[in-house]
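Structure, as C-alpha cells:
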Amino acid sequence: MLGIGVKAPAFSLPDQNGQIHTLEEYKGKKVVLYFYPKDNTPGCTKQACGFGELYPQFREKGAVVLGVSKDSVASHKRFEEKYALTFTLLSDPELSCIQAYDVWKEKKNYGKVSMGVVRTTYLIDEEGIIVKAFDKVKAAENPAQMLKELG
C-alpha cells in the first residue's frame, strides 16, 4: 500500500464506456480511488452500490469516486447497468494502475494462495497527493467511511 503524503501515481484507463480517464484530469478535485477484486461478487456489489447511493453527497463535497478492477470494459458496463451505478468504473486488465498503487498481493482463500487485488481505498487531494489510505477495507462500510473522511 502506498503511504500518506505520496504523490498518487498517474494512470490512463478506460471506463465502462471505453472513455479514457487520467488522474491529471481530476486535478482540483478530491478523488476517492478504490480498488476492488471483481464485478458482481457480493462484497464488491455492496461497496459499489454504497458508493452509488452516496455519490450525490461525494459530489457536493467536490469529490469524484473512481472504482478500479482488472475486469474488462464490457464487464464494468454490465455491472453499471445491473446496479444503476452513477460513478466511473475503470478497467485495468494489464494491472498497470493496480500494481502502481501496490494493491496486487498474495491472497489466501480457504488455504489456497493466489494473486489478486486487495480491497484498498485511497483519498487523493486536489493536488494529486494521497491524504488517506485504507487497506483490508470492509466493503459495506467503506462508502460511508470515505464520505466521513471528506469532512
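The values are calculated or read from the model by the stated rules, or taken from the named source; none is laboratory data. Here the structure is a predicted model, which means the values were calculated and not measured. Every residue, glycine among them, receives a Cβ derived from its backbone with ideal geometry; neighbour counts consider all protein chains shown.
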message: Looking only at the stretch 41-88, filter to residues that are crowded, with 16+ Cβ neighbours inside 10 Å and acidic (Asp, Glu); which one of those is nearest to Val117 (Cα to Cα)?
response: Asp71
- prompt: Here are Ala140, Ala100, Ala84: which of them is of a type outside the set (Asp, Glu), more than 19 Å from Pro14 (Cα to Cα) and at pLDDT 95 or above?
  reply: Ala140
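Could you name every one of the strands (runs of 3 or more DSSP E) located completely within the stretch 38-151 that has at least 2 residues being touching a residue at least 24 places away in the same chain (Cβ under 8 Å) and in contact with a Cys (Cβ under 9 Å, 6 or more places away or on another chain)?
Details: elements: 63-69, 88-91, 104-109, 112-117, 120-124, 130-135.
It comes to 63-69.
Hey, can you tell me all the residues within the stretch 40-73 that are farther than 18 Å from Leu123 by Cα and over 12 Å from the mean Cα position of the chain (by Cα)?
Looking only at the stretch 40-73, we keep the residues that are farther than 18 Å from Leu123 by Cα, and these are 40-46, 49, 53, 70-73.
Within the stretch 40-73, Asn40, Thr41, Pro42, Gly43, Thr45, Lys46, Cys49, Glu53, Asp71, Ser72, Val73 meet the criteria.
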message: Out of everything in the stretch 4-40 that is closer than 15 Å to Lys132 by Cβ and either at pLDDT below 95 or in contact with a Ser or Thr (Cβ under 6 Å, 6 or more places away or on another chain) (or both), what residue ends up being surrounded by the most Cβ atoms within 10 Å (Cβ to Cβ)?
response: Tyr34
task: Looking for whichever is within 18 Å of Leu2 (Cβ to Cβ) and of a type in the set (A, V, I, L, M, F, W, C) here; the options are Ala139, Ala100. Which one fits?
output: Ala100
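What residue, among those in the stretch 116-151 that are of a type in the set (S, T, N, Q) and under 17 Å from Thr45 (Cβ atoms), is surrounded by the most Cβ atoms within 10 Å (Cβ to Cβ)?
Initial filter on the stretch 116-151 (of a type in the set (S, T, N, Q)): 120-121, 142, 145.
Then keep just the ones that are under 17 Å from Thr45 (Cβ atoms); that gives 121, 142.
Details: Thr121: 24, Asn142: 22.
Out of the qualifying residues, it is Thr121.
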- request: State whether the residues of the stretch 10-29 include one that is closer than 19 Å to Gln145 by Cβ and in contact with a helix residue (DSSP H, G or I) (Cβ under 9 Å, 6 or more places away or on another chain).
  value: no
